[in-house]
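Bear in mind these aren't lab numbers, they're just calculated from the coordinates by the rules spelled out. Values in this document were obtained by computation on a predicted structure and should not be read as measured data. Cβ placement follows ideal geometry from the backbone for every residue including glycine, while neighbour counts extend to all protein chains displayed.
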Amino acid sequence: MMKAELVYEFKALLGEGPCWDERKQVLFWTDISGKAIHRFNPKTRQNDTFEIDQMVGAVVVAEDGRLVLAAEHGFYFYDTETGQMTPIHDPEADRPDNRFNDGKVDPAGRFWAGTMQKNNNDPEGSLYCLDHALEIETKLSGLRTSNGMAWDLEKQQMYFIDTPTRNIYVFDYNLESGTITNQRVAFQFPADYGFPDGMTIDAEGMLWIAGWGAGKVSSWNPDTGEVLSTVEVPAQNITSCAFGGDDFDTLYITTAREGMTAEGLAYLPLSGSLFSIQPNVSGLPANRFKN
């Protein structure tokens, strides 16, 4: 079993959403409950924090270099130089008990992000897609905790996690139209690996899934449901992972302190920090939002 190394010690309440910007060679990530975006530079070990006034589930990079956020009150453009947030649209303005959670850009440059309740796990969440015209389409509804996403190497399938179900779903995906059809379960995530949270895909088409509550990240063959490798992380609640680095050979891992007891935090004091491992497989560049 591989072991992740600490790359930046931090007490994020709910670290999430790692996204590698290959042009600037930095990792963007969020602290949802801490209402902040982080920018970590592995070369200098510097972590810049941008506080915003709402929970922020996901951060992605646009073609023009701006950041795009899926936050508590909808989608925004964000400028790290000025701190200006430019609202795009809030599809759930009538649902104050919900917030955005995980999100990712698809191979065509659309930004997909899903919602969940802030304080419960009722099926009140939805998955939305922000397109090039800055229009939003509802893709799925009745979700409990909309979470990790990935697209296969052929750009014909989309993987998706609704955490409490433990199911890794797969859809037929149309690159041109962005439609998803034929929902089915690729495999179920075993309890001893935690609850499936964030997810990424490597250059061989295997899925890497963060295990909330289990202190590990694991890689899986989505066609067979076979576990391929496991990474131990010195934290309890593992939230997401993303490949980065010069050759996309470093897997960055985000963690959380939320939901832990005082005893748990004393035992795993690095919870909330940023970790990494070089797992002998490479990832792919993050897709950029195009508008």
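Some points to look at:
- Restricting the stretch 188-202 to residues that are free of Cβ contacts under 8 Å to residues at least 40 places away in the same chain and assigned to a loop (DSSP other than H, G, I, E, B), the residue that is nearest to residue 286 (Cα to Cα): 189
- Breaking point among (1) crowded, with 17+ Cβ neighbours inside 10 Å; (2) part of a strand (DSSP E or B), for residue 34: (2)
- Among the residues of the stretch 1-31, those that are touching a Ser or Thr at 6+ places or on another chain (Cβ under 7 Å) and either free of Cβ contacts under 8 Å to residues at least 12 places away in the same chain or not in a loop (DSSP other than H, G, I, E, B) (or both) comprise 2, 5, 6, 7, 8, 14, 15, 16, 17, 18, 29.
- Pick from the stretch 28-58, criterion within 19 Å of residue 82 (Cβ to Cβ) and aliphatic (A, V, I, L, M), ranking: nearest to the chain's Cα centre (by Cα): 56
- When the stretch 238-260 is filtered for residues that are free of Cβ contacts under 8 Å to residues at least 40 places away in the same chain and either within 23 Å of residue 158 (Cα to Cα) or under 16 Å from the mean Cα position of the chain (by Cα) (or both), only 249 remains.
- Of the residues making up the stretch 89-97, not a single one is within 19 Å of residue 28 (Cβ to Cβ), of a type outside the set (S, T, N, Q) and part of a strand (DSSP E or B).
- Looking across 222, 234, 196, 164, one residue alone is under 22 Å from residue 5 (Cβ atoms) and in contact with a strand residue (DSSP E or B) (Cβ under 9 Å, 6 or more places away or on another chain). It is 234.
- Unique match (being in contact with a His (Cβ under 8 Å, 6 or more places away or on another chain) and within 25 Å of residue 202 (Cα to Cα)) among 20, 29: 29
- Residue match in the stretch 112-122 (condition: closer than 25 Å to residue 24 by Cα, under 20 Å from the mean Cα position of the chain (by Cα) and in a strand (DSSP E or B)): yes
- Qualifying residues in the stretch 136-160 (those that are outside any strand (DSSP E or B) and without any contact (Cβ under 8 Å) to a residue 24 or more places away in the chain) - the one farthest from residue 179 (Cα to Cα): 154
- Residue match in the stretch 88-102 (condition: basic (Lys, Arg), touching a residue at least 12 places away in the same chain (Cβ under 8 Å) and touching a Leu at 6+ places or on another chain (Cβ under 9 Å)): no
- Across the stretch 55-75, the qualifying residues are those that are in a loop (DSSP other than H, G, I, E, B) and free of Cβ contacts under 8 Å to residues at least 40 places away in the same chain, and the one among them that is farthest from residue 95 (Cα to Cα) is 64.
- Which numbered condition residue 182 fails, given (1) touching a residue at least 12 places away in the same chain (Cβ under 8 Å); (2) farther than 19 Å from residue 103 by Cα; (3) part of a strand (DSSP E or B): (1)
- Residue that is farthest from residue 20 (Cα to Cα), among those in the stretch 82-108 that are surrounded by 16 or more Cβ atoms within 10 Å (Cβ to Cβ) and of a type in the set (Gly, Ala, Ser): 108
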